[in-house]
Each structure stands twice: as structure tokens, then as C-alpha cells.
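Structure record follows, encoded as C-alpha cells.
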């Protein structure tokens with residue numbers, strides 16, 4: 001067993017090239033993950049791709065410059081500086097052309113990076129004799145053949161970029177979330193844009209030496225996207241992205257030695273698989289969680305039918321079979337719906353008998369209110385009494401707040417339905433301490449006057465005054481407000497709507 | 001002469017012209033607004049209301065003109081103005097919690113080398129209490145209702161401690177109850193001596209909500225009491241042909 005473990009994992013760690021790849025790759029992936037978070041939030045992924053492609057022109061020019069001027073071969077610092085300059089020129093060109101022409105930025109990015117990439121390759125071909133760069137290494141990366149200079153470059157880039165991002169975290173956060181607010185408190189938004197783009201160029205340059213031009217953008221955005229699905233905070237997202245990047249490098253490198261595949265592609269494959277796993281299984285934003293949520297959802301109609309029937313059958317210790325009978329739905333379906341309603345906190349269950357919880361009562365009250373208001377509405381629009389009930393049963397499922405409020409207001413806030421049954425009082429706008437128009441309050445409620453909404457109405461009530469509500473008159477069309485000294489004020493619908501009060505009980 | 005701080009205008013704009021091309025977004029706008037009021041900025045779509053707000057924030061380049069915030073030239077007024085963005089311009093999927101958004105209000109006061117102090121956190125908590133969002137502190141902002149989202153940004157503006165608050169269409173797309181809740185927060189901010197400038201699109205409610213109205217369409221057409229601004233001749237000049245507006249206004253007895 002230990003032997004197998006050693007053969008599979010341990011033996012590779014004794015190889016210098018593997019160890020170097022592991023350490024160098026992990027550092028790059030870590031920084032890429034952190035910067036990638038800002039890149040995907042700013043929707044700059046495509047720009048990252050552009051920077052990696054533009055790099056080759058810079059590397060070739062840097063190489064050529066040192067070779068022709070000083071006769072030095074493959075000078076790493078010169079190539080690095082060359083790539084940074086190339087990245088800078090690319091960004092500047094993109095900015096200039098998208099501002100000066102009518103083309104959109106993504107189009108310009110595409111044009112520029114392809115052009116500069118092509119230019120780099122052509123220069124490389126022309127100076128083939130002088131420049132010894134393996135184009136394949138460039139495109140696919142060479143993580144297992146990583147050199148010391150690349151290693152140093154990686155470490156320096158990592159230290160600088162991480163320091164900048166940690167130190168100025170707040171600034172990066174606010175400029176990416178709300179640049180207008182950032183500018184208004186004096187943060188130089190443009191400067192932070194440049195700093196971020198510069199960091200991105202550095203990171204891309206060090207990523208290219210590991211995984212190559214094509215895949216470097218993947219190392220930048222895939223771990224960040226994985227993290228995005230797992231958390232709701234930017235700082236945590238950065239940490240998770242870094243971890244995801246590092247595990248991708250470790251997993252990918254083993255994959256590459258086991259399968260004898262190239263290092264860069266193995267890392268990217270592992271990274272992508274990790275992303276797919278998270279996409280499916282993430283606890284909140286994953287596809288599975290979404291699917292489960294949907295599946296657990298009981299059809300609204302069934303849920304409400306069950307609630308209503310429990311309410312009708314007494315609300316307490318109602319046998320499930322009675323419910324199924326009364327709403328004429330298969331017992332199996334009802335049982336399944338009830339299980340889900342219990343987990344939603346609408347019902348309690350004891351030995352196959354169910355009881356409405358407080359939340360369930362509220363919900364059934366909401367439906368009763370909606371049902372009876374719809375009945376009143378149907379009467380109002382002239383439907384025959386016999387048909388009203390059945391029609392209202394269909395309509396009661398339309399009970400979003402705004403609809404109910406609209407009907408209630410249109411009918412003049414009725415208190416009784418056409419069958420003479422009490423319509424439950426509005427319980428969304430009028431619980432204790434809420435501010436609501438007088439028109440919504442029923443007899444016996446106490447309240448404090450807040451303000452009179454429409455100053456064209458002449459009402460002798462002042463803010464701060466305590467009132468209570470008397471019995472409505474004229475078939476509910478006249479509201480009676482009783483002042484503390486017992487004086488009664490009569491209001492019509494419009495006036496009652498205009499007086500806002502804070503409910504006391 | 002030393003003037004009482006109360007007498008300094010909340011903001012004063014002189015001959016402001018802003019353009020994004022040959023046609024100016026704002027042309028020769030001059031206005032002075034007293035402190036401690038709730039002011040509605042009205043005008044048709046694309047009339048420069050948002051540009052006006054952004055100018056007060058110092059976020060747009062002025063072609064000409066000057067702006068003073070509480071007696072200070074706008075270049076020196078960083079952080080004296082708080083801003084509540086339009087709902088549509090916020091990335092609601094951004095990984096950030098209610099508490100963190102409100103804390104942004106303090107960013108202008110925290111030196112770059114320090115982290116948020118206990119005092120900053122206390123202020124944030126107080127402001128979240130004020131808009132009744134404390135229970136949702138740890139929620140990601142996309143999981144809130146429209147009205148709650150609006151209140152989070154109000155808390156951020158309050159936490160900033162600015163005396164001038166700018167709100168871009170806070171009443172757009174919220175239900176009646178939320179509208180009342182937002183209005184409540186605005187009123188209490190006003191009672192605390194702050195000046196609130198609110199971009200508003202609904203003429204029917206403008207008279208009811210605001211102390212003063214600013215009617216803008218490229219130029220400043222009127223500034224004053226709602227009754228003086230909501231005049232049929234003035235409105236028909238600004239809202240050419242948008243007759244629906246008048247029907248509702250007349251119906252409600254505003255003009």
C-alpha cells in the first residue's frame with residue numbers, strides 16, 4: 001500500500017523538474033486566481049486573452065534587441081520587459097481605437113490581439129536565424145521544463161501583485177462595484193483601472209511561461225469562476241480562487257505524469273473539471289441545488305388547495321386522507337406535497353394528522369382574503385351569484401400583493417364578501433407599528449396620525465394626534481375616525497386613503 | 001463675513017454646460033438650492049437629469065460652468081456628496097453583502113493603510129438600523145427585494161455622513177408599500193438636516209413627495225414649489241406630446 005502510494009505520488013516529488021513545476025505552477029495559479037476574481041467581475045476576460053497573445057511580439061522584440069545590441073542570447077529580463085511593453089501597447093491601442101471609432105470594444109480587442117500576435121510570429125520567422133524561441137513552447141507552455149529565470153520572475157510577480165491587491169483591496173472592490181461612488185469620494189478610479197490592467201499583464205506573462213498563450217486566460221478566469229459559484233464575498237472568493245488554482249496545478253501535474261500528457265493542458269483540464277464539478281454541486285448556485293429547489297416546489301395550486309382544506313377541516317390534527325378526499329387529489333401526491341410543506345414550515349405533522357403552523361395560518365388567511373376580495377370583485381363586475389364561488393376559486397391563486405391591493409382599493413376596501421362573510425383585514429400593510437392609510441384599518445384599531453398625503457383635501461387632523469376607528473357607515477363607504485376627545489370625523493374613500501397613520505395595536 | 005453654515009446653499013450651480021457630443025446634455029444651468037430640503041428633479045427621458053446628478057458628484061467633465069457644494073468648489077468637495085445609484089446600474093450578482101455595501105460609505109474616511117475601525121462599524125450598524133435592514137446584514141445583495149436593495153444603498157449614503165444626498169430614481173419599479181418605506185427614510189434624513197436631491201419620473205406623485213422641484217430638459221426650466229413648477233404651459237413645453245402625463249395630473253387635481 002505504502003509502496004503503491006510512493007510509486008503513484010511520492011516518486012515524482014523526488015524529481016527536481018516536477019517539484020519546480022509544482023511550486024512555480026502553484027504560485028502562478030494562486031496569483032492568477034486572485035487577480036482573476038477582479039477580471040471576471042469587471043468582465044475583462046477577453047482582454048486577458050488579448051494580453052497573452054500580444055506578448056509574443058514583445059518577447060521576440062526583447063530577445064532581438066538584446067541579441068543585436070549586446071549579443072546576449074535569450075535574456076529573460078529583456079523578454080519580460082518586452083512583453084510588458086507589448087501588453088501596454090495593446091491596451092492603449094484597444095482604448096484608442098474603441099474610443100475613436102464606432103466599433104465596440106470586444107471587436108477592437110479581437111482585431112488588435114490577432115494582429116499583434118500575427119506580427120510577433122512574422123518577426124520571429126524573419127529573424128529565425130537569430131532568435132531561438134520554440135514557438136510550440138510559447139503556445140502550449142512548458143511547465144515541466146521551467147527554468148530558474150522563469151521561477152524568479154514568477155515569485156517576483158506574485159509578491160508584487162499580491163501585495164498591491166491586498167493593500168488596496170477596498171479600492172479595487174469599490175471601483176469594480178460602483179465606480180461613480182468611488183470617484184465621488186475621491187478615489188482615482190482611472191488609476192486603479194491602470195493598476196489592475198498592469199497587474200493582469202504581469203500575471204498573464206508569468207502564466208504564459210507555465211501553460212502557454214492559449215491556456216493562460218483559463219488559469220486566470222476558471223478558478224475565479226469556480227470561486228464565484230461558491231461564495232458571496234469578494235475576499236473569500238479570492239481565497240477560494242487561489243486554492244482552486246493551486247489544487248488544479250497539483251492535480252493537473254499528476255494527471256500529466258500518469259497519462260504522459262503535456263503539463264499545461266493537464267492543468268487546464270483538471271481546472272475545468274473542478275469547475276464543472278462545482279457548477280453541478282455548488283450548494284447555492286449549483287445546477288443540482290437549482291434542480292432540487294425546483295423539484296421540491298409543489299404546484300402552487302395544490303399547495304393552496306391543501307392549505308384551504310386543512311383550514312376548512314378545523315386547522316388542527318386533520319387526517320391526511322380527509323384532505324385528499326376533500327380536494328379530490330390522489331393520496332400519494334397529497335402526501336408528497338405535505339412533506340414539502342412541512343419543510344417549508346407551513347404545516348406540522350403528527351401520526352399522519354396535520355396542523356397549520358403560524359406561517360400556514362397566515363398563508364391561508366392570505367388566500368381567504370384574496371378569495372373573498374375576488375368574489376366581491378366578480379359581484380362588482382356583474383357576475384351571477386351562483387357562478388361567483390367557482391370563478392373566485394380559480395382567481396384566488398392570483399394573490400400577489402399588488403393585485404390584492406388594487407382590487408381592495410378599487411372596491412373601496414370592503415369588509416364583507418357577497419355572501420356576507422368577513423373579509424380578513426389587510427395584514428401586510430397594517431400590522432402594529434406599520435404606516436398605512438386609514439382606509440385599510442378596521443373598526444377598533446388605534447393609530448397615530450403621520451401625515452396627510454394630499455394637501456388639497458381639507459381635513460382637521462394634525463400629525464401626532466391619536467385616533468381610533470369606529471364602525472363604518474353607508475354600507476362601508478364612510479369611514480369614522482374617533483379623536484381622543486370623542487369627536488367623530490367622517491371620511492370618504494379618497495380622504496381615508498390620503499391619511500397615513502402609524503398603527504398602535 | 002462669517003456666515004452661518006445653515007445659510008450656505010446646499011449646492012449652487014452656475015452656467016453649467018455638459019456635453020457628450022455636439023448636442024449638450026445640460027446647457028447653461030444655474031440654480032441655488034437651500035439646505036434641509038427634499039428636492040425632486042423631473043423632466044422627460046433623456047433630458048439630462050442623470051447628467052445633472054453626476055455633475056454634482058463631480059463624475060462628468062464640465063464643458064463650462066462652476067459648481068459649489070456647501071460653499072466649497074466641487075473639486076474640493078470630495079466625499080461631501082453621497083450617491084444612491086439607479087437600480088439598473090448595479091451588478092446585483094456582485095459577491096458582496098449588505099453590511100459590506102454599507103461599509104463602503106465609510107471608505108472615504110478610512111486611510112488606505114488601515115482597516116475599518118470599531119467606530120466605522122458602529123456607524124454602519126446604526127445606519128442599517130435606521131433603514132431597518134440590520135436583520136439582513138449577512139445577505140448577498142441580489143437576494144433582497146427591490147425595496148430592501150434601495151434601503152441598503154440609503155444606509156450606505158447615510159454612513160457616508162454627507163449632508164447632500166443624491167438619489168437616481170429610487171422610486172422606479174417599487175411597489176406602493178416600499179415607496180412609503182423609502183419616503184420615510186428620506187423624510188427622516190431630511191429631519192436630520194440633510195438635503196436630498198432625487199431624480200423622479202412620476203409627475204403624479206412629484207407634488208406630494210417633494211418640497212421643491214427642479215424641472216430640467218437640457219436647460220433648467222423651473223425651480224421652486226411644486227405648485228409653481230407643475231403648470232400646464234410649462235409642462236407642455238417640456239413634455240411635448242406626452243399627453244398621458246396631463247391626464248393623470250388633472251385627474252389628481254394637481255394642475
Specify which of the listed residues (B:138, B:190, B:121) is free of Cβ contacts under 8 Å to residues at least 60 places away in the same chain and farther than 20 Å from residue A:181 by Cα.
B:138
Which condition number does residue A:343 fail, the rest of (1) assigned by TED's automatic domain parsing to the domain that holds residue A:403; (2) more than 15 Å from residue A:313 (Cα to Cα) being met?
(1)
Checking the structure you have, find out if any residue of the stretch A:216-225 is under 30 Å from residue B:114 (Cβ atoms), surrounded by fewer than 21 Cβ atoms within 10 Å (Cβ to Cβ) and within 14 Å of chain B (Cβ to nearest Cβ).
no
When you scan the stretch B:12-115 for strands (runs of 3 or more DSSP E) that lie fully inside it, which ones turn up with 3 or more residues that are within 14 Å of another protein chain (Cβ to nearest Cβ) and crowded, with 21+ Cβ neighbours inside 10 Å?
B:81-84
Only one residue in A:443, A:403 is in contact with a strand residue (DSSP E or B) (Cβ under 9 Å, 6 or more places away or on another chain), surrounded by fewer than 20 Cβ atoms within 10 Å (Cβ to Cβ) and at negative phi. Which one?
A:443
In the stretch B:109-153, anything modelled with pLDDT under 90 and within 15 Å of the chain's Cα centre (by Cα) is listed as B:150, B:151
Any idea which of (1) under 20 Å from residue B:221 (Cα atoms); (2) at pLDDT below 90; (3) over 16 Å from the mean Cα position of the chain (by Cα) is the one residue B:50 doesn't satisfy?
(3)
Filtering the stretch A:489-505 for residues that are more than 42 Å from the chain's Cα centre (by Cα), closer than 15 Å to residue A:453 by Cα and surrounded by fewer than 19 Cβ atoms within 10 Å (Cβ to Cβ) leaves a count of 3
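Under 11 Å from residue A:315 (Cβ atoms) and modelled with pLDDT under 85: does that describe residue A:364? Working first, answer last.
Working: under 11 Å from residue A:315 (Cβ atoms): yes; modelled with pLDDT under 85: yes.
Considered against the rule, which asks whether it is under 11 Å from residue A:315 (Cβ atoms) and modelled with pLDDT under 85, residue A:364 comes out as yes.
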Among (1) closer than 18 Å to residue B:85 by Cα; (2) assigned by TED's automatic domain parsing to the domain that holds residue B:43; (3) touching a helix residue (DSSP H, G or I) at 6+ places or on another chain (Cβ under 8 Å); (4) not in a strand (DSSP E or B), there is one condition residue B:153 misses while meeting the rest; what is its number?
(2)
Here's a check for you: in the stretch A:402-424, which residue that is under 11 Å from residue A:370 (Cα atoms) and part of a loop (DSSP other than H, G, I, E, B) is farthest from the other protein chains (Cβ to nearest Cβ)?
A:417
Taking the residues in the stretch A:294-313 that are modelled with pLDDT of 85 or more and within 37 Å of the chain's Cα centre (by Cα) as candidates, determine which candidate is surrounded by the fewest Cβ atoms within 10 Å (Cβ to Cβ).
A:307
Taking interchain pairs and intrachain pairs at least six residues apart, which have beta carbon atoms under 6 angstrom, with the first residue in the stretch A:312-332 and in the same structural domain as residue A:349 (by TED's automatic domain parsing) and closer than 16 Å to residue A:360 by Cβ and the second at pLDDT below 85 and surrounded by 15 or more Cβ atoms within 10 Å (Cβ to Cβ)?
A:327/A:305
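Suppose we filter A:47, A:38 for residues that are closer than 20 Å to residue A:87 by Cβ and either in contact with a strand residue (DSSP E or B) (Cβ under 8 Å, 6 or more places away or on another chain) or within 14 Å of another protein chain (Cβ to nearest Cβ) (or both); which single one remains?
From the options A:47, A:38, the qualifying one is A:38.
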Scanning the stretch A:138-155 residue by residue, those surrounded by fewer than 16 Cβ atoms within 10 Å (Cβ to Cβ) and closer than 15 Å to residue A:79 by Cα turn out to be A:147, A:148, A:149, A:152
Among helices (runs of 4 or more DSSP H) entirely within the stretch A:144-200, at least 3 residues that are touching a helix residue (DSSP H, G or I) at 6+ places or on another chain (Cβ under 7 Å) and within 12 Å of chain B (Cβ to nearest Cβ) occur in A:169-177, A:179-184
Which residue, of A:34, A:39, is closer than 21 Å to residue A:114 by Cβ, in contact (Cβ under 8 Å) with a residue 40 or more places away in the chain and either outside the structural domain of residue A:158 (by TED's automatic domain parsing) or within 23 Å of the chain's Cα centre (by Cα) (or both)?
A:39
Residue selected from the stretch A:460-488 under the condition within 48 Å of the chain's Cα centre (by Cα) and in a loop (DSSP other than H, G, I, E, B), by the criterion surrounded by the most Cβ atoms within 10 Å (Cβ to Cβ)
A:461
Inside the stretch B:223-243, the number of residues satisfying the requirement of being exposed (fewer than 13 other Cβ atoms within 10 Å of the Cβ), in a helix (DSSP H, G or I) and either within 14 Å of chain A (Cβ to nearest Cβ) or modelled with pLDDT under 60 (or both) is 1
Tell me which residues, restricted to the stretch A:367-393, are under 27 Å from residue A:314 (Cβ atoms) and either within 14 Å of chain B (Cβ to nearest Cβ) or out of contact with any helix residue (DSSP H, G or I) (no Cβ under 9 Å at 6 or more places or on another chain) (or both).
A:390
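Out of A:115, A:120, report the one residue that is at pLDDT 90 or above and crowded, with 17+ Cβ neighbours inside 10 Å.
Answer to the selection: A:120.
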Has the stretch A:314-331 got any residue that is over 36 Å from the mean Cα position of the chain (by Cα), in a helix (DSSP H, G or I) and loosely packed, with under 13 Cβ neighbours inside 10 Å?
yes
I'd like to verify a number: residues in the stretch A:58-76 that are modelled with pLDDT of 85 or more, within 15 Å of residue A:134 (Cα to Cα) and out of contact with any helix residue (DSSP H, G or I) (no Cβ under 6 Å at 6 or more places or on another chain), how many?
1
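Among the residues of the stretch A:345-386, which ones are in a loop (DSSP other than H, G, I, E, B) and exposed (fewer than 15 other Cβ atoms within 10 Å of the Cβ)?
Result: A:345, A:351, A:352, A:381, A:382, A:384.
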Criterion violated by residue B:251 - all others in (1) modelled with pLDDT under 80; (2) more than 14 Å from chain A (Cβ to nearest Cβ) satisfied
(2)
The listed residue being more than 9 Å from chain A (Cβ to nearest Cβ) and farther than 21 Å from residue B:180 by Cβ, out of B:159, B:155
B:159
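The values are calculated or read from the model by the stated rules, or taken from the named source; none is laboratory data. Because the structure is predicted, anything quoted here is derived from the model rather than measured. Every residue, glycine as well, gets a Cβ built from its backbone with ideal geometry; the counts of neighbours run over all protein chains shown.
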